[in-house]
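Structure first, then comments.
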Amino acid sequence: MHTSILITALVVSRYVCAATIQNNHIERDVSAISVDIAEMFSAKINSTIPLASPTDGLLYVPDRYLMYSGNPDSWPTMDSWLSFEKMWSRNEPFIGQSCANNVESNTADETATILAGIHAIATSSGVDRRYILAVMLQESDGCVRVPTTVSQAPVPISNRGLFQSYNCTGTCNDNGKLKTPCPSTRIIQMMVDGVVSLDTDDSYGRTGNGLVQAFNHMNGTTKAARYYRAARW
């Protein structure tokens, strides 16, 4: 991963699907996507601190991995994070370009849809754009045709899409049946699955959580600490 941000050990994989997006005319325009998402999902993070803008944060952070341990309350605060604009620009050349199982790399349009989706879902949910991007890179490298992984215990369950979302439907790789190009509706569905979860039980009584639910479950002296704890939940 080429993530230039002071978030480490982002191990988030317990997402459950949100409802399926029905609008077949979602465009990459941020405002259009924002309206569609805002109308369908009301889940937001519980925080009095405003959502950071795309330019909030540092303009430069060295490319290095730092391991933090102990109490996340003492880890770097969000003003130590790289700005989303800089983080995106440093990662964009690699997003969806090193995909597993030799599936096709992203097209420029597909990656542009991811970017628009991050802006829209962050605005709707309050989840920081940098956090959304970091988790997506951790889970799939941003490959829109990422293969589905399967959890084996206690019974097999599929984890699909950009966030490898628990028991979801959003994917452009259905058991090797690839969708090329990946429709914008599918890309946005994958992102909603991972970030704005309905937090419902599956047919086996198990639950998963999106980034919103994970954040809201955590306490911390700083907003960053809640993100760090949520990443390990």
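The values are calculated or read from the model by the stated rules, or taken from the named source; none is laboratory data. A quick note: this is a predicted structure, and the numbers were derived from the prediction, not measured. So basically every Cβ, Gly included, is an ideal-geometry build from the backbone, and we count neighbours across all protein chains shown.
Pull out all pairs, ordered by first then second residue, where Cβ-Cβ is under 8 Å, the residues are six or more apart or on different chains, the first lies in segment 189-210 and is surrounded by fewer than 24 Cβ atoms within 10 Å (Cβ to Cβ) and modelled with pLDDT under 55, and the second is of a type in the set (A, V, I, L, M, F, W, C) and in a loop (DSSP other than H, G, I, E, B).
204/155
Residues 52, 9: which one is surrounded by fewer than 17 Cβ atoms within 10 Å (Cβ to Cβ), aliphatic (A, V, I, L, M) and either more than 15 Å from residue 127 (Cβ to Cβ) or at pLDDT 90 or above (or both)?
Working: 52 fails: surrounded by fewer than 17 Cβ atoms within 10 Å (Cβ to Cβ).
Among 52, 9, only 9 is surrounded by fewer than 17 Cβ atoms within 10 Å (Cβ to Cβ), aliphatic (A, V, I, L, M) and either more than 15 Å from residue 127 (Cβ to Cβ) or at pLDDT 90 or above (or both).
Among the residues of segment 156-171 satisfying the criterion of being without any contact (Cβ under 8 Å) to a residue 60 or more places away in the chain and under 16 Å from the mean Cα position of the chain (by Cα), which is farthest from residue 187 (Cα to Cα)? Write out each step before concluding.
At the first step, the residues of segment 156-171 found to be without any contact (Cβ under 8 Å) to a residue 60 or more places away in the chain are 156-158, 160-162, 171.
Then keep just the ones that are under 16 Å from the mean Cα position of the chain (by Cα); that gives 160-162, 171.
Numbers: 160: 11, 161: 8, 162: 8, 171: 8 Å.
Restricting to residues being without any contact (Cβ under 8 Å) to a residue 60 or more places away in the chain and under 16 Å from the mean Cα position of the chain (by Cα), the top hit is 160.
Could you check segment 114-147 and list, in sequence order, the residues that are over 13 Å from residue 160 (Cα atoms) and among the hydroxyl-bearing types (Ser, Thr, Tyr)?
Hits for segment 114-147 are 123, 124, 125, 131.
For residue 65, indicate whether it is at negative phi, among the hydroxyl-bearing types (Ser, Thr, Tyr) and touching a helix residue (DSSP H, G or I) at 6+ places or on another chain (Cβ under 6 Å). Outline the logic, then answer.
Working: at negative phi: yes; among the hydroxyl-bearing types (Ser, Thr, Tyr): yes; touching a helix residue (DSSP H, G or I) at 6+ places or on another chain (Cβ under 6 Å): no.
No; evaluated as a whole, the condition is false for this residue.
Can you tell me which residues in segment 141-183 are hydroxyl-bearing (Ser, Thr, Tyr) and buried (at least 23 other Cβ atoms within 10 Å of the Cβ)?
We begin by selecting, within segment 141-183, every residue hydroxyl-bearing (Ser, Thr, Tyr); these are 148-149, 151, 158, 165-166, 169, 171, 180.
Once the filter is applied, which keeps residues that are hydroxyl-bearing (Ser, Thr, Tyr) and buried (at least 23 other Cβ atoms within 10 Å of the Cβ), segment 141-183 yields 165, 166, 171.
Considering each residue of segment 107-140, count those that are surrounded by fewer than 18 Cβ atoms within 10 Å (Cβ to Cβ) and hydroxyl-bearing (Ser, Thr, Tyr), and give that number.
Of the residues in that region, 2 qualify.
Here is a list of conditions, (1) hydroxyl-bearing (Ser, Thr, Tyr); (2) crowded, with 17+ Cβ neighbours inside 10 Å; (3) closer than 22 Å to residue 45 by Cβ, and residue 77 meets all of them except one; can you say which number that is?
(2)
Conditions (1) within 23 Å of residue 230 (Cα to Cα); (2) at pLDDT 95 or above, marked per residue:
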position: 107; (1), (2): no, yes
position: 111; (1), (2): no, yes
position: 118; (1), (2): yes, yes
position: 128; (1), (2): yes, yes
position: 136; (1), (2): yes, yes
position: 141; (1), (2): yes, yes
position: 150; (1), (2): yes, no
position: 167; (1), (2): yes, no
position: 177; (1), (2): no, no
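Step by step: first the residues of segment 76-132, then only those that are farther than 21 Å from residue 173 by Cβ and of a type in the set (Asp, Glu), then the one that is nearest to the chain's Cα centre (by Cα). Which residue is that?
Per the stated criteria, the residue is 128.
With respect to residue 42, is the statement that it is within 18 Å of the chain's Cα centre (by Cα), loosely packed, with under 14 Cβ neighbours inside 10 Å and at pLDDT below 90 true? Walk me through how you get there before you give the answer.
Details: within 18 Å of the chain's Cα centre (by Cα): yes; loosely packed, with under 14 Cβ neighbours inside 10 Å: yes; at pLDDT below 90: yes.
Against the criterion (within 18 Å of the chain's Cα centre (by Cα), loosely packed, with under 14 Cβ neighbours inside 10 Å and at pLDDT below 90), residue 42 qualifies.
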